[in-house]
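Following: one structure in structure tokens, then a few remarks.
The values are calculated or read from the model by the stated rules, or taken from the named source; none is laboratory data. Model, not experiment: these values are computed from the prediction. Here Cβ is always computed from backbone atoms with ideal geometry, including for glycine, and neighbour counts include all displayed protein chains. Ligands, DNA and RNA are excluded from the accessible area calculation, which covers all protein heavy atoms including side chains. Shrake-Rupley method; radii C 1.70, N 1.55, O 1.52, S 1.80 Å.
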Amino acid sequence: MFYLFLATLCSATIALIFKYTENSSSNRYLITSANYFIAFAISLFIVLYRKLLSGVVRTDSFFNEYKFLLSQDAYILSPYSSIVWGIIVGGVAGFFFFSSFIFYQKSVKENGVGISGTFAKLGILIPMIFSIIFWRELPSMLQWIGIGLSLVSIVMVNLSSKSLEKFDIRPTIILLFVLGGMAEFSNKIYQNYALNDYKAVFLFCTFFVAFSISILFTIKDGVKFNLKDIFTGFAVGIPNLFSSYFLILSLDTVKTSVAYPVFSAGSILLINLGGYFIFKEKISMKNKFAIALILIALVLINI
């Protein structure tokens, strides 16, 4: 649970940094590109510093190991195949990471922040459901109750009567839910089959692909580069990287169906507390009730 707490803390830090800069006239594309750049740069540094690519012996072809993996309930790839798996899954994950960002922006314009935030957070249902179906990671009865309370708190924090007035089921909101959920699920897909020693390779590929797509959009949009937005992106990129880094580590010891509700609801709790203590924001009665639900949920999930 310690790694899960660190992942949650990093996730909340991202939101608090954005909250700090939300009143400034910043460019989201430039911040996003800088965020992905620093994330893949740190990942590359870890790969090179730990010499993860040196001395790796190919004992069998990746495809042979992959075929064997499909026929086994529990099989971990060799170092060589873990690197190949990290490159493949990381490349796909990078597409999901950036696409979910694009559709979040579009959904905010069409449906408002409340609805968009709700569906983005509820994307955790995808890794939860898939982990139960594919790997039988079934929570206990008390954990089910805790998970249910976590989901209720997520909806409660993000939704309001005003946001519901604008709500309409559109392709954008569905794509936001699916792409965001698959971006989160990619961490589990890598962790379940590969050696965690090579997670930096997976994260490098994820953020390098996301950066490559993001910088194309930034240039196409004719964005003027400025140091303030770049440094903001750097500040976001560090916790963004380590949020995934620690989440992958936590999935070794915590069931996916439990980890993601704790990760999502816990970040909401820390964001609200950070807003209260750092920015002196008042916590609404609705959010106070949601925080109480989160605390109860966390207790039930950890029993």
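What about Phe134, is it farther than 20 Å from Val299 by Cα and within 17 Å of the chain's Cα centre (by Cα)?
Criteria not met by Phe134.
Confirm whether Phe37 is part of a helix (DSSP H, G or I) and open to solvent by less than 90 Å² (accessible area, probe 1.4 Å). First the steps, then the outcome.
Working: part of a helix (DSSP H, G or I): yes; open to solvent by less than 90 Å² (accessible area, probe 1.4 Å): yes.
Yes: the conditions hold for Phe37.
Are any residues in the range 204-228 over 13 Å from Tyr36 (Cα atoms) and crowded, with 22+ Cβ neighbours inside 10 Å, and if so, which ones?
none
Taking only the range 198-226 into account, find how many residues are under 12 Å from Asn27 (Cβ atoms) and at pLDDT 90 or above.
1
What single numbered condition from (1) of a type outside the set (Gly, Ala, Ser); (2) crowded, with 23+ Cβ neighbours inside 10 Å; (3) modelled with pLDDT of 85 or more fails to hold for Asp252?
Asp252 satisfies all of (1) of a type outside the set (Gly, Ala, Ser); (2) crowded, with 23+ Cβ neighbours inside 10 Å; (3) modelled with pLDDT of 85 or more except (2).
Identify all residues within the range 181-223 that are of a type outside the set (Val, Ile, Thr) and without any contact (Cβ under 8 Å) to a residue 24 or more places away in the chain; write none if there are none.
Let us first name the residues in the range 181-223 that are of a type outside the set (Val, Ile, Thr), namely 181-188, 190-200, 202-205, 207-208, 210-212, 214, 216-217, 220-222.
Correct list: Leu216, Lys220, Gly222.
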